[in-house]
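The values are calculated or read from the model by the stated rules, or taken from the named source; none is laboratory data. The structure presented is a predicted model; accordingly, all values stated were derived computationally and were not measured. Here the Cβ positions follow ideal geometry from the backbone for every residue, glycine too, while neighbour counts run over all protein chains shown.
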């Protein structure tokens with residue numbers, strides 16, 4: 001074991017594998033003892049007030065970086081600031097979660113919380129889900145949930161939304177509005193669950209949300225798919241229109257703005273090209289999208305309809321390549 005009596009060890013930094021140059025060759029940090037201790041606290045949801053008690057707490061505002069609770073900034077009531085406690089008021093509604101403790105940051109670092117302090121649960125509710133149309137078994141539907149104490153952002157929050165089907169299918173959350181709404185995109189369900197009515201299960205930061213049993217979703221029984229794709233190949237550098245024909249029993253009138261078409265590289269799924277839908281023919285149940293070129297390779301096609309969700313297209317791939325057919329010396 002290597003030991004050192006150095007209290008201000010040197011710090012080395014590498015960025016993308018390259019060593020960073022330290023100004024004056026004097027980059028170090030010091031080990032310091034934590035400042036004070038939080039022995040307990042209370043939280044009142046109605047007033048959004050947090051009352052912190054402890055020992056050797058900072059008593060000067062300039063020594064405090066910030067206080068947060070339930071993923072929310074807490075504004076300090078300066079008149080209550082003493083070495084044994086402080087009050088603060090949340091700047092907005094708290095975020096749902098289990099076993100929250102105050103996060104009190106001194107200029108020298110985080111103030112520890114005594115092991116005897118008891119965390120507080122912040123409850124949340126879901127009051128509605130839209131739209132109320134049946135969900136596609138292949139996924140691709142966007143759902144929006146409104147309620148109370150929902151997260152304002154995905155940063156720092158652990159959120160899981162799933163359904164009560166046989167495989168506990170999840171819904172990928174990608175939409176957040178002011179703690180009152182979250183949105184998600186459904187993932188594929190098992191075909192054996194076709195036609196079922198499902199409950200919604202939402203857990204936020206370890207705390208299950210309260211959801212009325214009347215809030216349910218229904219799975220469709222039918223699926224629709226691409227019947228033809230013409231052409232099935234395209235140039236890497238030239239634009240080319242591609243026409244898709246879907247099953248003639250598709251239940252919605254075709255409109256350009258309702259479709260999202262993407263080409264996803266089989267070699268690198270993070271490489272995605274978006275195709276702009278330029279025309280539709282509702283009578284023929286077909287639409288045309290413009291492919292703008294891409295690096296050579298094979299691409300999977302994904303088609304989403306804003307109401308219906310995913311239209312099956314796994315039987316088709318787009319070959320993006322160039323071929324030299326002749327060479328002339330003239």
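Okay, here's what the table says:
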read-out	value
Strands (runs of 3 or more DSSP E) wholly inside region 206-300 containing at least 2 residues that are surrounded by 15 or more Cβ atoms within 10 Å (Cβ to Cβ) and touching a helix residue (DSSP H, G or I) at 6+ places or on another chain (Cβ under 6 Å)	272-281
Residue within region 111-121 that is modelled with pLDDT of 95 or more, over 30 Å from residue 36 (Cα atoms) and buried (at least 19 other Cβ atoms within 10 Å of the Cβ) present	no
Check on residue 273, on the phi > 0 side of the Ramachandran plot and touching a residue at least 12 places away in the same chain (Cβ under 8 Å)	no
Whichever residue in region 184-205 is touching a residue at least 40 places away in the same chain (Cβ under 8 Å), in a loop (DSSP other than H, G, I, E, B) and in contact with a strand residue (DSSP E or B) (Cβ under 7 Å, 6 or more places away or on another chain) and, among such residues, is nearest to residue 94 (Cα to Cα)	205
Residue list for region 71-92, filter: touching a strand residue (DSSP E or B) at 6+ places or on another chain (Cβ under 6 Å) and in a strand (DSSP E or B)	72, 74, 75, 76, 85, 86, 87, 88, 89, 90
Odd one out for residue 118 among (1) closer than 21 Å to residue 205 by Cβ; (2) assigned to a strand (DSSP E or B)	(2)
From the options 53, 95, 68, 42, residue that is at pLDDT 95 or above and either touching a helix residue (DSSP H, G or I) at 6+ places or on another chain (Cβ under 7 Å) or part of a loop (DSSP other than H, G, I, E, B) (or both)	95
Hits in region 149-167 (condition: over 14 Å from the mean Cα position of the chain (by Cα), closer than 13 Å to residue 202 by Cβ and surrounded by fewer than 17 Cβ atoms within 10 Å (Cβ to Cβ))	164
Residue in region 133-152 that is out of contact with any strand residue (DSSP E or B) (no Cβ under 7 Å at 6 or more places or on another chain) and assigned to a strand (DSSP E or B) present	no
